[in-house]
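What follows is one structure encoded as structure tokens, with my remarks underneath.
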Amino acid sequence: MYKIDAHQHFWKYKRAEYGWIDERMLSIRHDFLPEDLRKEMASASVNGAISVQARQSLDETQTLLRMAEENDFIKAVVGWVPLIHPDLERLLPTVAAHPKLRAVRHILHDEADDLYMLRDDFNRGIGGLKPYHLAYDILIFERHLPQTIQFVDRHPEQLFVLDHLAKPRAKDGLIEPWAGNLGELARRPNVYCKISGLVTEADWERWTADGLRPYFEMCLQVFGPRRLMFGSDWPVCLVATSYQRWVETVSGWVGNLSNDEQSRIWSGTAVEAYRLQDASRS
């Protein structure tokens, strides 16, 4: 079955640029580049990838786009643009002109203001994406879900992709209020969701597939296979799991679904959300 990893990162590690990689994460304090991911994907029978920004920098976005030009397996890029910049209307067309830029993201959960996404200038920036057919990836913690619902409701025509299941408190085994708020968000048909980033919200040493299954099953219940997509969050996931183990974990969770439903989660949803038919021809 054709598989797309809808969420992974590349970087040349510099401590000043990746301050969030703390002392517990020494295993990922080095470079991770396309040739490294290619090996992981080959071992796990994954066919394509979507590269997602890890720094809020136009330079990084351009670097990811160059990597996508040079590596056919990188099907699309989720980059960063300064959405609150007063001159965004001038800046955005240049970046959006690249055929493999398919979405943008802002690291919302690191903002000191939990209501940052409701700022007028931020929402003006979001409003500028649709003419360029760019999706927006939502990166939040579960506590941000109530305001995320308000945020999404301001943009009913904008396509959104929720990263990492909104980072539930899996280490504590908590389902609520995450599940209730996630279900409410999922009622918006313009929101998709990535099955990614869950192991790093769990106990890194002791997590099990069965222990995390309720979070997957809740996402499956509220979004359905048509709006779910697989992602690894490599190399961040390596602090808690190997690439191969995460692919096998998701394979076990989706194994009882129909072939069409599995195909949707492994690739079809990502193809739709990020318009990968066009990217494959670029």
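The values are calculated or read from the model by the stated rules, or taken from the named source; none is laboratory data. Please read these numbers as outputs of a predicted model, since none were measured by experiment. Virtual Cβ from ideal backbone geometry, glycine too; neighbours counted across all protein chains shown.
In region 109-127, the qualifying residues are those that are surrounded by 15 or more Cβ atoms within 10 Å (Cβ to Cβ) and either at pLDDT below 95 or hydrophobic (A, V, I, L, M, F, W, C) (or both), and the one that is nearest to PHE160 (Cα to Cα) is ILE126. Each residue in region 12-24 was checked for being without any contact (Cβ under 8 Å) to a residue 60 or more places away in the chain and hydrophobic (A, V, I, L, M, F, W, C), and 2 of them qualify.
Looking across ALA209, ALA270, ALA170, one residue alone is at pLDDT 95 or above, under 27 Å from ARG29 (Cα atoms) and within 19 Å of the chain's Cα centre (by Cα). It is ALA170. Count of region 128-150 residues, restricted to those that are farther than 22 Å from GLU201 by Cβ and surrounded by fewer than 21 Cβ atoms within 10 Å (Cβ to Cβ), is 6.
The set of residues from region 1-35 being closer than 30 Å to GLN277 by Cβ, surrounded by 12 or more Cβ atoms within 10 Å (Cβ to Cβ) and either touching a strand residue (DSSP E or B) at 6+ places or on another chain (Cβ under 8 Å) or of a type outside the set (A, V, I, L, M) (or both) comprises TYR2, LYS3, ILE4, ASP5, ALA6, HIS7, GLN8, HIS9, PHE10, TRP11, PHE32, PRO34. Figure legend. Inter-residue proximity from region 52-67: first residues farther than 18 Å from TRP20 by Cβ and touching a residue at least 12 places away in the same chain (Cβ under 8 Å), second residues of a type in the set (Lys, Arg) and outside any strand (DSSP E or B), beta-carbon distance below 7 Å, spacing 6+ or different chains. Indicated pairs: LEU65/LYS100.
A quick yes/no check of all residues on (1) buried (at least 21 other Cβ atoms within 10 Å of the Cβ); (2) β-branched (Val, Ile, Thr):
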site	(1), (2)
SER57	no, no
ALA68	yes, no
LYS75	yes, no
TRP80	yes, no
GLU89	no, no
ILE107	no, yes
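When ALA170, ALA202, ALA240, ALA209 are checked against the criterion of being free of Cβ contacts under 8 Å to residues at least 40 places away in the same chain, closer than 28 Å to ASP36 by Cβ and not basic (Lys, Arg), a single residue qualifies: ALA202. Within region 92-105, being of a type in the set (A, V, I, L, M, F, W, C) and surrounded by fewer than 15 Cβ atoms within 10 Å (Cβ to Cβ) holds for one residue alone: ALA97. The set of residues from region 159-176 being surrounded by 17 or more Cβ atoms within 10 Å (Cβ to Cβ) and over 14 Å from THR200 (Cα atoms) comprises LEU159, PHE160, VAL161, LEU162. Assess whether SER251 counts as being of a type in the set (S, T, N, Q), in a helix (DSSP H, G or I), more than 26 Å from LEU65 (Cα to Cα) and free of Cβ contacts under 8 Å to residues at least 40 places away in the same chain. Against the criterion (of a type in the set (S, T, N, Q), in a helix (DSSP H, G or I), more than 26 Å from LEU65 (Cα to Cα) and free of Cβ contacts under 8 Å to residues at least 40 places away in the same chain), SER251 qualifies. Taken over region 229-282, the criterion of being buried (at least 20 other Cβ atoms within 10 Å of the Cβ) and charged (D, E, K, R) is satisfied by ASP233, ARG264. Scanning region 82-99 for residues that are among the β-branched types (Val, Ile, Thr) and touching a residue at least 40 places away in the same chain (Cβ under 8 Å) turns up just one, ILE84.
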